[in-house]
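The block underneath contains the structure these notes are about, expressed in C-alpha cells.
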Amino acid sequence: MNLFTVFLISSIIFAFGLYYLLADKLKLPTLATSKAALSLSRQSIFKTKRLDTIILEISTKVSFLIHLNDYKKRKLSATLKSAGIVLPPEIWLTRCYVKFAGLLLLIIPTLMLFPIMTPIILFLAIRQLFTELKSADMIALKRRNEIERELPRFVSTVSEELRNTRNVLEILKGYLDSAKPIFRKELEITIADMNSGSHEIALTRFNTRVGSTMLSQVVRGLQAVLRGDDGVVYFELLSHDFDQFELQQLKLDAAKIPPKVNKCTGAVFLCFILLIFLILGMQIVQAYSAFNM
C-alpha cells in the first residue's frame, strides 16, 4: 500500500469522525431520522438510500447560496408539486449542484491514477447535472401522462354515476378501488381535502397539483355539478372527446412497435451473420493448422 492510498483512507476516516463529532455538538438529526423524513417527502415506493440522505443534509446547509426570483420560484414549485417532490425549490436546485460537485471530486484521484479518464469523468458529471435539472420535469410529465391516460375511464364512470347521484365526494370515493396507483394517490389527497374543507377549493388544488388541461375540463365539470348543474350531458360529450384522445394514444403506441421489432430483427440477423463468420473462421484455422502439420 503506497503513501497516497494511506493518506486517502486516513482523510476519509478523519472526515467521517469530524462529521459525527460536529453533528453531536450541533444537535443535528441522525442519518436515520433524515432518511425517514426524506422517504416521507418523496411520496414514493422506492427506498431512500443513505447517500441521498447525506446529499440532502449538505444541500440544506448550503441552500442559502441559491437565489431565485419570484417567477422562477413559483414555476419550479409548481413543477416539484406536480412531480410529488416535497422540497423547497432552493434545496432541490442545491441538491442537483451538490451531486454535480460530488462527481467533480472524482477528478482529483483520477488525475493522479488515470489522467486519461479525466475528460470522461467531466463529461459524465455535466451530463448528470443536466439530467438532474430536468428530472422534476420528466417525473411531472410522466405522472401527468399516466393520469391523462386514465381520465377517459374516469369521465365515463362519472357520466354514468351522475344519473344516480349528485354527490361528487361519493363518486370519487367509489372510483378509488378501480383507480391506478398514481391517480388513486391524487384522489385520496383530494378526498381528504374535501372532507376537511370546501369541495370546490379541494378540486382546484387537485387541478393545480397535476397541471393537466384535460383534468381542468373534468374539474370544471365537477365544480359545476357542485353548484347545481346537471352535468350529465357535459360529461357525456367530454367522455366522447376523451375516447378519441385514448384512440389516438393507442395508435401512437402501435406506431412505435414496428421500429422496436425491426431493431430486434436486425440484432438477430447480425448475430446470425457473426455466427456464420465465426464458424468459417474456425474452419479456416483448423484447415491451416492441418496443412502446416
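The values are calculated or read from the model by the stated rules, or taken from the named source; none is laboratory data. What you see is a predicted model, and the numbers here were worked out from it, not measured in a lab. Because the Cβ atoms are built from the backbone with ideal geometry, glycine has one as well, and the counts that use them run over all protein chains shown. Protein only, heavy atoms only, side chains kept; ligands, DNA and RNA dropped before computing areas. Shrake-Rupley method; radii C 1.70, N 1.55, O 1.52, S 1.80 Å.
Residue pairs whose Cβ atoms lie under 8 Å apart, sitting 6 or more positions apart in sequence or on different chains, and linking a residue in the stretch 117-139 that is assigned to a helix (DSSP H, G or I) to a partner that is aromatic (Phe, Trp, Tyr), are Ala125/Phe100; Ile126/Phe100; Gln128/Phe100; Leu129/Tyr97; Leu129/Phe100; Glu132/Phe100; Ala136/Trp92. In the stretch 165-255, counting only helices (runs of 4 or more DSSP H) that sit wholly within it, the ones holding 3 or more residues that are open to solvent by less than 80 Å² (accessible area, probe 1.4 Å) and touching a residue at least 60 places away in the same chain (Cβ under 8 Å) span 213-226.
Being modelled with pLDDT of 60 or more and under 17 Å from the mean Cα position of the chain (by Cα) holds for only one residue in Leu93, Leu65, Leu21, Leu38, and it is Leu93. Of the residues making up the stretch 88-117, those that are touching a Ser or Thr at 6+ places or on another chain (Cβ under 6 Å), open to solvent by less than 60 Å² (accessible area, probe 1.4 Å) and over 13 Å from Leu133 (Cβ atoms) are Glu90, Ile91, Ile107, Thr110.
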